[in-house]
Each structure stands twice: as C-alpha cells, then as structure tokens.
Amino acid sequence: MSQSRRSFGLAAGAALLAACAGPTTHAPAAADPRVVAQLGGTGGKLRAAINFGNPILASRGANGEPKGVSVDLAREAARRLGLAVELVQFNSAGTVVDAVKAAQVDLAFVAIDPVRAADMEYTAPYVVIEGAYLVRNASPLVRNDEVDRAGTRIAVGRGSAYDLFLTRELKAATLVRAPTSPAVTDLFLAQNLEVAAGVKQQLEADAKRVGGVRLLPGRFMVIEQAMGVPKGRTAAQAWLKGFIEEMKASGFVAEALKRHGIEGAAVAPRAGG
C-alpha cells in the first residue's frame, strides 16, 4: 500500500472514531445572538452576582473562592453560551438587587418578590428554602403566629426577602434592620431584640455558635430562589427559563445541593407542575 493511501486510511479511521464517540459534554443548541449580547455584552463576559449572605446559594471555600449551587449554575450557563464568567461577589441580597438595577451585573440569584419584579426579569424558581424565627430560650414565644405583636422587635437583613415580606405582612411588630443577613443574630443579641428572622439554615448555625437561643418550629415563609436579569432583557430571560427547567429536570440542581452539603433546601417543582 502506498504511503498516501495508508495516510488516507488512517485519517478516515480517526474521523470515524471521532464521529462515533460524539461530544464529551452536553452540546446545547446554538444560542440566539440576542441572548449572548444581553448576557455577555461586557467584553464577552457573563457577570454573575454571587450572594454570600445566603448560605444556601453560595459560600467561600477553603481558598476563599466562591462555591455553591448559584456558582455552579452561573458557570454552566456561561459555558453553554460560550462566554467567560465573572463572579461578582456580594454580602447581601439588597446590594445584589441594587447592582441588577444599575445593570452592573448580567445575572443574579435572588428570591422572587413582587417589589423586585419592578427592576428585573425572573425565571421560575430552582430552589425553595424556608424562613424561620430565632428567639432566646427564655422567650415566651413558642409559635410563629405569636410573633406579630406590639412591642416585638424583629432583626432582619436589610433588603432581604424576609425584610420585603415582613414589611408587607407585619401589623404590630417592628423591624430592626441589620446590614446583611449573616449579621442578623449578632444584632439581635447586641440590641436585646425579641426575635431574629432569616434563612433557617443560617439561624440554625447561629444557634450552635452563640448558644442560649432556639428556633420556633416550622417556618413563617417559603422563599423561591430564581435567576434574574436586568429589566428589559427578555431574550436572556426566555433562554434562562428553559435553562433552569433543564437544570432541575436533569438533576443538576439536586446534585449541586448534595455536593455542597446543603440541607433543608428542596429543588423547586417544574414550572406549571
């Protein structure tokens, strides 16, 4: 066999093997150019807001790098769009929302709330978490429905989903706002307040840290965590809606929660399901 025929045969065989093997990673359909422009219009980077104020969504690893389900989702979305990802770090939901309003980020992971809907476009939720109340062991309060009384002061993270919800719902109790959700328990103790409100898992960790406190049974609200983009970026919202439904259905979200050791959070049901 001539050298040229031998080379042709080897090349053809290699091509056949490559075709049979297929892609090693999921190959999504080509993204609409409008989606790429709306999510990566800043130098081809997807600027994703990562909120360390909610331990369900994100935390810092041993090396200080962000980790968590929101980090995993941001990186996967960027990969599918062919964009670089920039993880823009925040310590509170309120500052994340401000960044979305100012279009300083392209993507955020936030609790769905009608107040925020004025400034951003949401997907359906991908994770459902619980809001809980924390009190001192000696507190006479034993049920969530006993909290909304005159004279009861509730510590809450400024601009958090709990702040927005309780601002609407409370009739008699008053709110005292901490700068971030992780600072709520310390403010509650320092100012001798009656109740602290926040992410159940955060308050459980705080209870172990400070001692002498307990969570009221159950929950006072359910928080639906979704992906959001600045208002008017409807092409990006439409693409992300399909993306997040696939991430739930494929087990990606459930696996991320398990991998990062998150308990007490559930994968949200499929939209319309």
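Starting with the fewest neighbours, write out SER70, SER181 ranked by other beta-carbon atoms found within 10 Å of each beta-carbon.
Going from least to most buried by this count: SER70, SER181.
Send over the per residue convex hull volume for segment 129-221, Cα only, as a whole number of Å³.
82
Quickly work out the ARG143-to-ALA37 label distance, labels modelled 7 Å from Cα along the C-beta direction, and quote it in nm with one decimal.
Between ALA37 and ARG143, the simple spin-label model gives 5.7 nm.
Would you mind telling me the antiparallel percentage of the DSSP bridges in segment 98-254, rounded to 5?
75
Once the Cα atoms of helix 234-249 and of the chain are each reduced to a long axis, what angle between those two axes, in degrees from 0 to 90 to the nearest 10, is obtained?
Between the helix axis and the principal axis of the chain, the angle is about 90 degrees.
So how tilted is helix 3-21 from the main axis of the chain? Cα-based, degrees 0 to 90, rounded to 10.
Value to nearest ten degrees: 30.
In the chain, which longest range has no trypsin sites (Lys or Arg not before Pro) that are both DSSP loop (not H, G, I, E or B) and surrounded by at most 16 other Cβ atoms within 10 Å?
My reading of the result: 1-142 is the longest stretch.
Would you mind counting up the charge near VAL135? Only other residues with Cβ under 13 Å from its Cβ, with Lys and Arg at +1 and Asp and Glu at -1.
+2
Can you say what percent of the DSSP beta bridges in the chain, counting only those with both residues inside, are antiparallel? Round to 5.
That works out to approximately 60 percent antiparallel.
Every number in this text was worked out from the coordinates using simple rules, so none of it is lab data. Small disclaimer: the values here were computed from a predicted structure and weren't measured. Methodologically, a virtual Cβ is constructed for each residue, glycine included, from the backbone with ideal geometry; neighbour enumeration extends over all protein chains shown.
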